[in-house]
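The structure appears right after this line, and notes come after that.
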Amino acid sequence: MLLKILYTILWQIAPPFIRRYLNKRAQRQPAYAAHWDERFGKPFADPVQQPIWIHAVSLGETRAARPLVESLRRRFPDSPLLLTQMTPTGRAAAEALFPEAQCRYLPYDRADWVRQFLQEHRPRFGVLMETEIWPNLMAGCSAEGVPLFLANARLSESSQRGYLKARSLIAPAMQTLAGCFAQTEADAGRLKSIGAANVQVCSNTKYDIVPDKDMHTLAAGFRRLIGQRQVVVCASTRFYKGEDEAEILLKAWQDYHGDALLVIVPRHPERFQTACDTARSLGFKVQRRSSGGHIAADTQVWIGDSMGELAAYYLSADIAFVGGSLVDSGCQNIIEAVACGLPTLFGPSTYNFAQACAEAQAVGAAKQVPDAQTWLAQTRRWLEHENERRQTAANAQQWIAGRQGGSEQTAAEIAKIIVK
């Protein structure tokens, strides 16, 4: 009870501090200055009624939601679609991927703002992607009679420890879930430990993501710009706790003296210019995706300063490195790279995709490297040995095919509960 009271008080005093935070973010990423009112409880203009509501906090969760949304739409074809996010990149992805949907920010977890949101839209049911745990939102859905599901759910050991310290607040919220669909058995066990109800394992919907025709067309365009050179893409590089992963990789690449093109795609748009400046300061000849035009034969580094095109970068490459893994931020989505049939490397920090990384390495679909110098050595090896690359790519495609189906299973379980 004490934690609940403190949580309520926190949301009464938090808004000025959140606005200050958003102002700071907007200085680096201006999109954070848009649509503020949606975050702070202002009534939404023309809210869609009785929709299928999907909350995908940011870019990765929004992409992961796509195959699940398609499966749900086949089962509920007459229901409109509402997509909510917490970040501008997630919102932009939702608007691009789901043009038929109403897209907006989810209000912060203050009880009156949550109540207004639910009464405005009156969702038929809601799906929170991955591990979005908001006690007032969950309690509000229960009070308003909105079935709420946690899909593609995962919980790391460190997050579990944090939630267990606040179990008296978290467990009652988790017990309101109509269904909790975990990625792995380990995730299911940890979710149960913090109070989740109706838990079952339905795999990871990210295995079901298939690059669409537009991404293949864009990738072919990239290859025309690049020419016949081999391509190494370092995707979703992170700046984390003072460490710049792009810089780490670029410094290692100084020891490479071949003809391959290195493509750096930072995870966040505010790092685009920094990656470009860093590469130039290290002596590389650099071009940017946003500059357009053919890539010169002597260009060594191409900065992928665009959003929503990651699959095209992968499809145009020969080898991938997945960022967030040389710095300790738990690794970005290796499944996306492997699903594009790429020999894939990742670093030592993998807690966000621990099982996927372990399985991919075990079946020869990807390799873990301890540091940037080992990344460079393995990259060189794959560049020089086409047969190894092809075998790794074949292993990757077989592994992905064996893991698909989570979206259909999750949608079928939701439909059983809603249509009964």
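Say we look at segment 96-130 and pick out the residues that are of a type in the set (D, E, K, R) and under 16 Å from Asp46 (Cβ atoms); which of these is least open to solvent (accessible area, probe 1.4 Å)? First the steps, then the outcome.
Filtering segment 96-130 down to residues of a type in the set (D, E, K, R) leaves 100, 104, 109-110, 112, 115, 120, 122, 124, 130.
Next, from what is left, pick out any that are under 16 Å from Asp46 (Cβ atoms): 100, 104, 120, 122.
Details: Glu100: 106, Arg104: 2, Glu120: 29, Arg122: 119 Å².
Applying the filter and picking the extreme gives Arg104.
Determine which member of the set Asn352, Asn387 is more than 22 Å from Thr237 (Cβ to Cβ) and surrounded by fewer than 24 Cβ atoms within 10 Å (Cβ to Cβ). Walk me through it before giving the result.
Working: Asn352 fails: more than 22 Å from Thr237 (Cβ to Cβ).
Of Asn352, Asn387, the one residue that is more than 22 Å from Thr237 (Cβ to Cβ) and surrounded by fewer than 24 Cβ atoms within 10 Å (Cβ to Cβ) is Asn387.
Given the residues Ala252, Ala260, which is the only one that is farther than 23 Å from Leu315 by Cα, open to solvent by less than 20 Å² (accessible area, probe 1.4 Å) and over 22 Å from the mean Cα position of the chain (by Cα)?
The conditions single out Ala252.
Among the candidates Arg267, Arg271, Arg280, single out the residue that is basic (Lys, Arg), open to solvent by less than 60 Å² (accessible area, probe 1.4 Å) and free of Cβ contacts under 8 Å to residues at least 60 places away in the same chain.
Working: Arg267 fails: free of Cβ contacts under 8 Å to residues at least 60 places away in the same chain; Arg280 fails: open to solvent by less than 60 Å² (accessible area, probe 1.4 Å).
It is Arg271.
Among the residues of segment 70-80, are any surrounded by 21 or more Cβ atoms within 10 Å (Cβ to Cβ) and touching a Leu at 6+ places or on another chain (Cβ under 8 Å)?
no
If I ask for residues that are touching a helix residue (DSSP H, G or I) at 6+ places or on another chain (Cβ under 6 Å) and open to solvent by 30 Å² or more (accessible area, probe 1.4 Å), which ones from segment 291-306 would you list?
Just the residues of segment 291-306 that are touching a helix residue (DSSP H, G or I) at 6+ places or on another chain (Cβ under 6 Å), to begin with: 294-295, 301, 303-306.
Listed by number, the list holds a single entry, His294.
Suppose we filter segment 374-417 for residues that are outside any helix (DSSP H, G or I) and within 30 Å of Leu150 (Cβ to Cβ); how many remain? Full working, then the answer.
Just the residues of segment 374-417 that are outside any helix (DSSP H, G or I), to begin with: 385, 404-405.
Now restrict to residues that are within 30 Å of Leu150 (Cβ to Cβ): 404-405.
Total meeting the criteria: 2.
When you go through Ala34, Ala45 one by one, which is the residue that is open to solvent by 20 Å² or more (accessible area, probe 1.4 Å), farther than 30 Å from Ala166 by Cβ and touching a residue at least 12 places away in the same chain (Cβ under 8 Å)?
Selected residue: Ala34, the only one of Ala34, Ala45 that is open to solvent by 20 Å² or more (accessible area, probe 1.4 Å), farther than 30 Å from Ala166 by Cβ and touching a residue at least 12 places away in the same chain (Cβ under 8 Å).
Anything in segment 47-60 that is assigned to a loop (DSSP other than H, G, I, E, B) and not small (Gly, Ala, Ser)? List them, or say none. Please lay out each step first, then the result.
Step one: of segment 47-60, the residues assigned to a loop (DSSP other than H, G, I, E, B) are 47-51, 56-58.
Scanning segment 47-60 gives Pro47, Val48, Gln49, Gln50, Pro51, Val57.
Looking at Ala151, Ala197, Ala143, Ala219 in this structure, which one is of a type in the set (Gly, Ala, Ser), assigned to a strand (DSSP E or B) and either more than 24 Å from the chain's Cα centre (by Cα) or closer than 23 Å to Val338 by Cα (or both)?
Values: Ala197 fails: assigned to a strand (DSSP E or B); Ala143 fails: assigned to a strand (DSSP E or B); Ala219 fails: assigned to a strand (DSSP E or B).
Just one listed residue meets the conditions, Ala151.
If the Cβ limit is 9 Å and pairs must be 6+ apart or interchain, which residue in segment 97-124 that is over 16 Å from Ile52 (Cα atoms) pairs with which residue that is open to solvent by less than 10 Å² (accessible area, probe 1.4 Å) and in a strand (DSSP E or B)?
That search, which allows pairs on different chains as well, returns Pro107/Thr84.
Look through Cys340, Cys331 and report the one residue that is of a type in the set (A, V, I, L, M, F, W, C), open to solvent by less than 40 Å² (accessible area, probe 1.4 Å) and on the phi > 0 side of the Ramachandran plot. I'd like the intermediate steps shown before the answer.
On the way: Cys340 fails: on the phi > 0 side of the Ramachandran plot.
That would be Cys331, the only listed residue that is of a type in the set (A, V, I, L, M, F, W, C), open to solvent by less than 40 Å² (accessible area, probe 1.4 Å) and on the phi > 0 side of the Ramachandran plot.
Which of the following residues is under 24 Å from Asp214 (Cβ atoms) and not in a loop (DSSP other than H, G, I, E, B): Ile264, Ile295?
Working: Ile295 fails: not in a loop (DSSP other than H, G, I, E, B).
Just a single option satisfies the conditions, and that option is Ile264.
Can you tell me how many residues within segment 173-188 are modelled with pLDDT of 95 or more, in a helix (DSSP H, G or I) and open to solvent by 20 Å² or more (accessible area, probe 1.4 Å)?
0
Taking segment 61-110 on its own, how many of its residues are under 12 Å from Val127 (Cβ atoms) and assigned to a strand (DSSP E or B)?
So the answer is 4.
The values are calculated or read from the model by the stated rules, or taken from the named source; none is laboratory data. Computed from a predicted structure; not experimentally measured. Virtual Cβ from ideal backbone geometry, glycine too; neighbours counted across all protein chains shown. Protein only, heavy atoms only, side chains kept; ligands, DNA and RNA dropped before computing areas. Shrake-Rupley method; radii C 1.70, N 1.55, O 1.52, S 1.80 Å.
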